[in-house]
Structures are given as C-alpha cells and as structure tokens.
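A.B. asks: Let me begin by handing over the structure; questions about it come next.
The values are calculated or read from the model by the stated rules, or taken from the named source; none is laboratory data. Because the structure is a prediction, the values reported are computed rather than measured. Heads up, the Cβs are rebuilt from the backbone with ideal geometry, glycines too, and the neighbour counts pull from every protein chain shown. The protein model used for the area step is the full one, side chains on, heavy atoms only, and it has no ligands, DNA or RNA in it. Shrake-Rupley method; radii C 1.70, N 1.55, O 1.52, S 1.80 Å.
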Amino acid sequence: QDHKHLSNYATRRVWRVMTLAAPSSGLPAETNTWADDYPFDMKPDKLLSVADITAMHRDHYEGTPYDMTKGTQAGPYGDPSRFDPSETVGKGVYPPEEEINSVEAFSGYPTAFERAISIYRCSYSWVSESRAAVPNELGLIWFS
C-alpha cells in the first residue's frame, strides 16, 4: 500500500541530507513513499566536518524549491518553524468545529508544509566524532 502522505514527511529529509553530503549525486527530490529508488548510502563529495553535520541538523531546505525560509512556508515573519497540526488531532486543543481531522492532517494538500530536518520540536541534537588516532575513550560528542 502506498502512503503518499508520508513521502514528504520523511523521504524529502533523506534526499536533503544526501544532496548536502553529495551535491554531485543529482538525486531527484521526488520519489515514492519508501524512497526505494534512492541508494542505501552514498559517498560524500568531501570529508564532512562536525560543522557540516550540525549545519544539516539546522537545515530548512534553504536554496531549494522547498525552501521553508521563503514565501508562504516562511510565514509573515520569515520563520521556517512550522507547527504540526497532526499533533492536535483528537486532543481537545481546538473546539470540535475548528479541529482538523487526521485525513486533513496527513492529506498532503497543497497547504501542507514540508517537514524540515530542523523541526521545531527537536530540543537538541548531537554529533558523535570517532577519531582513529586516539583511544576510544577520547571520542567526542558535540551537542548542537
């Protein structure tokens, strides 16, 4: 069963990480729900630094057709953080006549926003750095 409503929810984020790591890949942004036409992994075009990875964690599709910092997706103040209406379904957040239902929340209507890698409800992220030249005990964890 194809769950087209989930495609932008997850696979666009996979596409973005892969194209940030390997811009030369030419990976298409449009795929099916399971992204089974994407490779399992790919070699980055260059050695990725901790700064590169943390930049991926902060990404809102800047510079792509899905850029959440521009146009309607950025809202009136250019803020790419999008509230996820699906989290309110059946929880009494809105009066029943104003509440969206699960069909609307996951429908993929043109008004649905992309889900960025940097999502508003992520409190923190981290990058683990393993270094071959030092003992395992001296590995690093970077919080961002």
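A.B. asks: So which of T64, T69, T19 is over 21 Å from S144 (Cβ atoms), open to solvent by less than 50 Å² (accessible area, probe 1.4 Å) and at pLDDT 80 or above? Show your work before the answer.
C.D. replies: Values: T69 fails: over 21 Å from S144 (Cβ atoms); T19 fails: over 21 Å from S144 (Cβ atoms).
Every option except T64 fails the conditions.
A.B. asks: Return the residue satisfying two criteria in turn: it lies in segment 107-144 and is of a type in the set (S, T, N, Q) and under 20 Å from the mean Cα position of the chain (by Cα), and of such residues it is modelled with the lowest pLDDT. Spell out how you get there, then give the answer.
C.D. replies: Quick first cut of segment 107-144, residues of a type in the set (S, T, N, Q) only: 107, 111, 118, 123, 125, 128, 130, 136, 144.
From what's left, under 20 Å from the mean Cα position of the chain (by Cα): 107, 111, 118, 123, 125, 128, 144.
Details: S107: 59, T111: 50, S118: 87, S123: 79, S125: 89, S128: 89, S144: 75.
Here the residue is T111.
A.B. asks: Moving to a separate point now. (1) of a type outside the set (F, W, Y); (2) loosely packed, with under 13 Cβ neighbours inside 10 Å; (3) modelled with pLDDT under 90; (4) out of contact with any strand residue (DSSP E or B) (no Cβ under 6 Å at 6 or more places or on another chain): which one isn't true of E104, the others all being true?
C.D. replies: (2)
A.B. asks: (1) of a type in the set (A, V, I, L, M); (2) at pLDDT below 80; (3) open to solvent by less than 60 Å² (accessible area, probe 1.4 Å): which one isn't true of V93, the others all being true?
C.D. replies: (3) is the only condition that V93 fails.
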